[in-house]
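The values are calculated or read from the model by the stated rules, or taken from the named source; none is laboratory data. Since we're looking at a predicted model, the values are computed, not measured. Don't worry about glycine lacking a Cβ; one is built from the backbone with ideal geometry, like all the others, and counts go over all protein chains shown. Note: areas computed on protein heavy atoms with side chains; ligands, DNA, RNA excluded. Shrake-Rupley method; radii C 1.70, N 1.55, O 1.52, S 1.80 Å.
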Amino acid sequence: MAAVPALSAGSAGAAGYGTPTIALSADYLSGAVGATGDPTVPVTVAQSGADASALAVAASASSRSSVAEPGDVTVTGSGATRTLAVAARGQGHTDLTVKVTGAGGRTATRTLHYAASAAVQHAADSRYLTGSSDASAAVDVGGGYIVVADDESNVLRLYDRNASGAPVRTWDFSAAIGVSSEIDIEAGARVGNTVYWTGSLGNNKDGKVKPDRSTLFTTTVTGSGADTQLTPGGSYGGLRDDLIAWDKANGNRYGFAAGAAAGQVPKQIDGFNVEGLEFAPGSTTTAYIGFRAPLVPPANGGKALLVPVTDIDRLPGGSAHASFGTPVSLDLGGLSVRDIRKNAAGQYLIVAGSWAADDNSDPYALYRWTGRPADAPVKLLDLPTGDPGGWESVVDVPDLTAPGARVQLITDDGSAYLYGDGTEAKDLGHPEWKKSRSTWFTLG
């Protein structure tokens with residue numbers, strides 16, 4: 001957000017000094033109780049006739065001390081630009097008054113609108129990606145940076161994976177790939193410098209058929225780290241129809257046509273909803289599509305479903321229809337696929353979660369798999385529940401044979417009431433208050 005001049009100033013002071021000014025790089029800031037490395041706000045100060053290093057900057061008032069008091073605000077640095085950080089006391093909103101005191105006793109103030117989310121498990125290993133609350137897929141681009149997709153918009157965002165804060169860069173390729181509404185991006189997989197992204201392929205939450213949600217598209221990665229750039233590739237809108245036609249031709253084994261019919265919501269046990277995409281072992285042309293719904297068979301204790309697309313490389317921008325291999329069913333303890341990712345050694349991790357729509361308190365687990373259909377997945381750990389959001393994305397897969405291997409997972413917090421104000425995160429009016437959480441877990 002653009003810096004703005006001071007709104008008020010004191011009148012006391014000595015001749016020869018102008019009125020100081022104070023500007024914040026953003027008027028809105030979010031934090032979390034007990035968090036490490038919360039986002040900060042640069043503060044710019046000046047006063048004519050005075051050395052900027054002599055100006056004092058501090059918080060002078062708070063509208064709700066249970067969230068943060070003036071003493072919880074730390075200002076570091078010297079000169080014209082300082083850095084402001086807030087350590088949250090409790091969940092909620094407060095307006096913090098930030099004051100600069102200059103030569104001659106002159107002052108100026110600015111208001112920072114601050115919101116703090118509640119404490120979470122594994123807080124020391126968590127970071128917050130701001131600007132969006134609906135993280136749905138993530139792809140590593142090297143140099144400590146990741147590209148994160150959003151299932152409520154078509155924007156791709158580049159983040160420093162080790163820090164809390166706003167995206168470094170954003171892209172929206174809607175026009176380039178020929179869509180005008182939400183794709184509902186739910187999964188991505190990288191092969192070489194090409195990233196394949198797919199929508200959920202399902203109806204919206206009201207059961208309405210939305211063609212843009214059936215989009216598969218590619219982006220090309222150049223550079224790495226903070227210098228990463230994406231360019232649009234091709235797109236394909238027929239994957240949903242191809243899957244339904246294939247299932248019909250095989251006796252409606254999985255009920256895709258019924259689950260995807262108009263009026264059917266996607267997040268039900270016999271629904272139709274995709275949330276995972278990853279390439280099969282040793283292949284750059286066959287990719288597994290991981291289903292959140294249906295479970296097979298659609299009953300308690302059912303198995304998660306993967307369907308191999310054997311010509312995914314020919315689909316975006318081409319004229320081919322999808323071809324499919326032998327489906328794979330995996331016993332994930334009655335859970336379904338929320339994400340699937342592999343490393344260069346062919347070791348797979350699967351985030352398993354509920355098919356249900358309102359599942360923040362339902363179980364989640366992380367499974368290891370070989371990628372071979374005959375091999376059963378092995379549970380590595382149960383993921384924590386009760387915190388806001390649902391576990392949605394694996395950033396990358398470490399060497400699973402290494403002692404103390406750590407993996408970073410990201411939540412979708414769009415339906416969470418982050419600040420205890422009765423507003424879902426996706427509906428918050430300020431991008432700085434929207435956020436998803438990334439957390440590192442040590443694997444057994």
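Just a few scattered comments:
- Scanning the range 299-312 for residues that are surrounded by fewer than 19 Cβ atoms within 10 Å (Cβ to Cβ) and outside any loop (DSSP other than H, G, I, E, B) returns a single hit, Lys303.
- Among the conditions (1) surrounded by 15 or more Cβ atoms within 10 Å (Cβ to Cβ); (2) in a loop (DSSP other than H, G, I, E, B); (3) at negative phi; (4) modelled with pLDDT of 95 or more, Gly371 misses just one, which is (3).
- Test: Ala88 is under 21 Å from Arg127 (Cα atoms), touching a helix residue (DSSP H, G or I) at 6+ places or on another chain (Cβ under 8 Å), modelled with pLDDT of 95 or more and of a type outside the set (S, T, N, Q): yes
- Residues in the range 204-224 that are more than 20 Å from the chain's Cα centre (by Cα) and not polar (S, T, N, Q): 8 in all.
- Of all positions in the range 227-250, none carries a residue that is under 28 Å from Glu432 (Cβ atoms) and in contact with a Lys or Arg (Cβ under 6 Å, 6 or more places away or on another chain).
- Checked against (1) surrounded by fewer than 18 Cβ atoms within 10 Å (Cβ to Cβ); (2) touching an Asp or Glu at 6+ places or on another chain (Cβ under 7 Å), Ala262 passes all but a single condition, namely (2).
- Of residues in the range 158-182 being crowded, with 19+ Cβ neighbours inside 10 Å and in contact with a Lys or Arg (Cβ under 6 Å, 6 or more places away or on another chain), the one farthest from Pro316 (Cα to Cα): Ser164
- The range 199-221 - residue that is open to solvent by 30 Å² or more (accessible area, probe 1.4 Å) and outside any helix (DSSP H, G or I) and, of those, nearest to Ala356 (Cα to Cα): Lys205
- Any chance Ser136 is out of contact with any Phe, Trp or Tyr (no Cβ under 9 Å at 6 or more places or on another chain), under 24 Å from Ala357 (Cα atoms) and crowded, with 19+ Cβ neighbours inside 10 Å: yes
- Per-region count, the range 42-72, residues open to solvent by 60 Å² or more (accessible area, probe 1.4 Å) and outside any strand (DSSP E or B): 11
- When the range 73-123 is limited to residues that are in a strand (DSSP E or B) and small (Gly, Ala, Ser), the one that is farthest from Arg437 (Cα to Cα) turns out to be Ala108.
- Against the conditions (1) open to solvent by 40 Å² or more (accessible area, probe 1.4 Å); (2) small (Gly, Ala, Ser); (3) under 22 Å from Ala135 (Cβ atoms); (4) touching a helix residue (DSSP H, G or I) at 6+ places or on another chain (Cβ under 6 Å), Ser224 satisfies every one except (4).
- Residues in the range 154-168 that are part of a strand (DSSP E or B) and in contact (Cβ under 8 Å) with a residue 40 or more places away in the chain: Leu156, Leu158, Asp160, Gly165.
- Within the set Ser319, Ser283, the sole residue that is exposed (fewer than 15 other Cβ atoms within 10 Å of the Cβ) and either outside any strand (DSSP E or B) or at pLDDT 95 or above (or both) turns out to be Ser319.
- Thr94 among the hydroxyl-bearing types (Ser, Thr, Tyr), more than 19 Å from Ala23 (Cβ to Cβ) and touching a residue at least 24 places away in the same chain (Cβ under 8 Å): yes
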